[in-house]
6 protein chains.
Amino acid sequence: MTTVSPNKSDISNEVFEDIKETRKTNYINNFWQDLSHNDEELYNTWNQLKSVMSEGEIPYVYKEMIYVAVSIINNCNYCIHSHTYAAKKAGMTNAQYKELLSVILMANKTNALATALGTQVDDVFDASKE
Amino acid sequence: MTTVSPNKSDISNEVFEDIKETRKTNYINNFWQDLSHNDEELYNTWNQLKSVMSEGEIPYVYKEMIYVAVSIINNCNYCIHSHTYAAKKAGMTNAQYKELLSVILMANKTNALATALGTQVDDVFDASKE
Amino acid sequence: MTTVSPNKSDISNEVFEDIKETRKTNYINNFWQDLSHNDEELYNTWNQLKSVMSEGEIPYVYKEMIYVAVSIINNCNYCIHSHTYAAKKAGMTNAQYKELLSVILMANKTNALATALGTQVDDVFDASKE
Amino acid sequence: MTTVSPNKSDISNEVFEDIKETRKTNYINNFWQDLSHNDEELYNTWNQLKSVMSEGEIPYVYKEMIYVAVSIINNCNYCIHSHTYAAKKAGMTNAQYKELLSVILMANKTNALATALGTQVDDVFDASKE
Amino acid sequence: MTTVSPNKSDISNEVFEDIKETRKTNYINNFWQDLSHNDEELYNTWNQLKSVMSEGEIPYVYKEMIYVAVSIINNCNYCIHSHTYAAKKAGMTNAQYKELLSVILMANKTNALATALGTQVDDVFDASKE
Amino acid sequence: MTTVSPNKSDISNEVFEDIKETRKTNYINNFWQDLSHNDEELYNTWNQLKSVMSEGEIPYVYKEMIYVAVSIINNCNYCIHSHTYAAKKAGMTNAQYKELLSVILMANKTNALATALGTQVDDVFDASKE
């Protein structure tokens, strides 16, 4: 017996099988279900995600925390929920989650302040672009 | 001889001295200069920042990367420059910076996609709030 | 018999009748219902919308696609739904919807990249302001 | 004689040559110059852009208008300038530019209104997701 | 008899009691309930809020209107609802609410226009920073 | 002798004269200069602004503070400068400006927190919509 839905295209089924194998789960979350109406975007997005989020120079759990930070500032409810879940599964502790929130709030505050003050970039920071 | 400006309030001078000592530098960057017109906000913001950004459950360098992520999504030019500089000074390699950008772009893309698709939060993710 | 609600102000009723006639429908969607608590804003918004969104130098269907793009970036759930619906009703095909999403995602990505890189505007582009 | 810079990587040079050929120009604008510090991102972004922005189901000039709309809402100064330039080069008239601005402003206004009012999505619009 | 929940930490209970006393209510709204998983953030946020939002140089009711304005632009559904409620309770009339919406929409429109036009700051406005 | 520029359209000149008279100044700031390429938008925006920002149920100086709040959250550098200038000219004191910043920062923080926590709107707040 198989979980392949007869209505799905071959590409969607292939991606769904890869999601299940990569994540060791039988559950395909709503984002990928919704995206399956668009074969090409589904295929590209999944393969980019798999590559970008794999363990690399930045440990995976910190990648998920960065993902959560972006999702909060972008006000993406779905993404906040799914990546907070992923970060916790990857080992983020409650203490780390509290620190993560603090860093995001701090950055958000000084962002608004620098914008309000119209602060000019210091030469020393531009030099760092070299 | 001293670098204390006679026109600065006592509180500003105290914060500026603490910035110099904490960061082992004589340079006060523009953000703190601009904020010094508002003693109370200067004092609170610096002390919160010092506390939030100190080495903790999340290593300092990853805190700076999260700060950069928030600043890019918030489109805060000053903050992007100053915290990319800080992250590099804290040891972020070029390879890590490339991965950081990739994670931010990936998160930003799936944020837009989930928003466009109006994806509903899966029950399994909500359960993770417990 | 008439669909005019006795509780509605004269102005709201007038606008509602115009919406029905313009759109060849008996259905007043929630946005206009909610806005009817504010007669002046309802009247102005509807009349601006009718004028701006009419067939003009830019064909109507592309105007609706631009509307969807703005709504996705603004993260306005209601607006994404109502204007995707309107765009489809105006003839947007599934293939066009896929391209629309691709363009929005592409623009969103290079926006984040140009912001992250702090790219300076080329003189040649400024010249285009003449 | 060649315009290939000796300091550029092979990949950057290859992309730069493709940009010149595709756009029938010798000018590489600042965005691609800045991105050339990141070979892989440069290569991927250019090739995605070339594919997404090619003439397709949506005519190229309307794709550039959608790009401008996203860039204005994202507040990306560089992107507004470069894509307004591109849209004009692709045939966008002044009359169309005025309409484009009107549509963007209209969408932005009703986005803020629907958000302020907390308007619920009508069932009829959700049905359009089928 | 007491409303103190046995599962709450001492700090949460203390903050909850202060909320009830300050606001003359027995109702703790969802925001503070959700935040009570993070004692330190709950304590800091409540005490900052109590201080910032107290009657001062800007009358309280206008502070709540500014709060609503920020919440609409940030697209924070919860915040729009809770602070519109608070503003009305503090005396905001329907006529004032209509004017508030008009000012927010006007500001939002000219913000988008200035961004689209890439307008440079006039020297006379910069002088106002002195 | 007159300040009317011979290159300006009649409508632009009329609006410029009205700006000068209304504001008791001979200075036309850059925003209106830039907008004068688009007669209709110039005319509509100025007349809406004049109407919306006139003394009404909300005193003018608080309207300008709300304008500043929107402009900071929208990250519109031009608008922050011009409306902070206008607010100060309308009597905003330094003490009020500090409170204004505090309210904006506070709202921005709780907006991010409510978004991060995914807080559900309390029934009591929805009831306030009646």
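The values are calculated or read from the model by the stated rules, or taken from the named source; none is laboratory data. None of these values were measured; they are calculated from a predicted model. Every residue, glycine among them, receives a Cβ derived from its backbone with ideal geometry; neighbour counts consider all protein chains shown. For accessibility, only protein heavy atoms count, side chains too; no ligands or nucleic acids. Shrake-Rupley method; radii C 1.70, N 1.55, O 1.52, S 1.80 Å.
Below are the figures for this structure:
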{"quantity": "For peptides A:27-39, D:101-113, sequence by mean Cβ density within 10 Å, most packed first", "calculated": "D:101-113, A:27-39"}
{"quantity": "Value at 222 nm in deg cm²/dmol, rounded to 500, when DSSP H runs of n ≥ 4 in chain E each add -39,500 (n - 2.57)", "calculated": "-22000 deg cm²/dmol"}
{"quantity": "Segments A:83-89, C:19-25, B:40-46, E:47-53 sorted - mean Cβ within 10 Å per residue, highest first", "calculated": "A:83-89, B:40-46, E:47-53, C:19-25"}
{"quantity": "Where the range B:2-130 is the region considered: accessible area per residue in Å², 1.4 Å probe", "calculated": "43 Å²"}
{"quantity": "Label distances, nm, residue A:91 versus same residue in remaining copies, Cβ-directed 7 Å point", "calculated": "1.5, 5.7, 5.7, 5.7, 6.1"}
{"quantity": "Label point 7 Å beyond Cα along the C-beta direction, distances from residue B:37 to other copies (nm, shortest first)", "calculated": "3.1, 3.1, 3.8, 4.0, 5.0"}
{"quantity": "17 Å Cα-Cα reach of residue D:98 towards aspartates and glutamates, excluding residues that sit fewer than 8 places from it in its own chain", "calculated": "C:55, C:57, C:64, C:130, D:64, F:34, F:39, F:40, F:41"}
{"quantity": "Exposure rank, largest accessible area first [C:54, B:71; 1.4 Å]", "calculated": "C:54, B:71"}
{"quantity": "Under the span-like rule (Cα at least 24 Å along the axis, Kyte-Doolittle mean at least -1.0), DSSP H helices of chain E", "calculated": "E:94-117"}
{"quantity": "Accessible carbon and sulfur surface of chain D relative to its total accessible area, %, 1.4 Å", "calculated": "48 percent"}
{"quantity": "10 Å Cβ neighbours from other chains, averaged over peptide E:52-65", "calculated": "5"}
{"quantity": "Total accessible area lost when F and E pair, probe 1.4 Å, Å² to nearest 100", "calculated": "5800 Å²"}
{"quantity": "Quotient of Cα Rg and 2.2 N^0.38 Å for the range D:61-130, N being how many residues it contains", "calculated": "1.36"}
{"quantity": "Normalised alpha carbon radius of gyration of the protein assembly as shown [divisor 2.2 N^0.38 Å]", "calculated": "0.94"}
{"quantity": "Hits among lysines - C-alpha to C-alpha of residue C:20 under 25 Å, sequence gap 8 or more where chains match", "calculated": "C:8, C:50, C:63, C:88, C:89, D:109, D:129"}
{"quantity": "Proportion of all alpha-carbon pairs of the range B:26-80 beyond 19 Å (%)", "calculated": "41 percent"}
{"quantity": "For C:87-100, mean number of other protein chain Cβ atoms within 10 Å", "calculated": "3"}
{"quantity": "Distance cut-off 25 Å, percentage of C-alpha pairs in chain D lying past it", "calculated": "43 percent"}
{"quantity": "Relative contact order of the range A:20-120, pairs being alpha-carbon contacts under 8 Å that are 6 or more residues apart, as %", "calculated": "17 percent"}
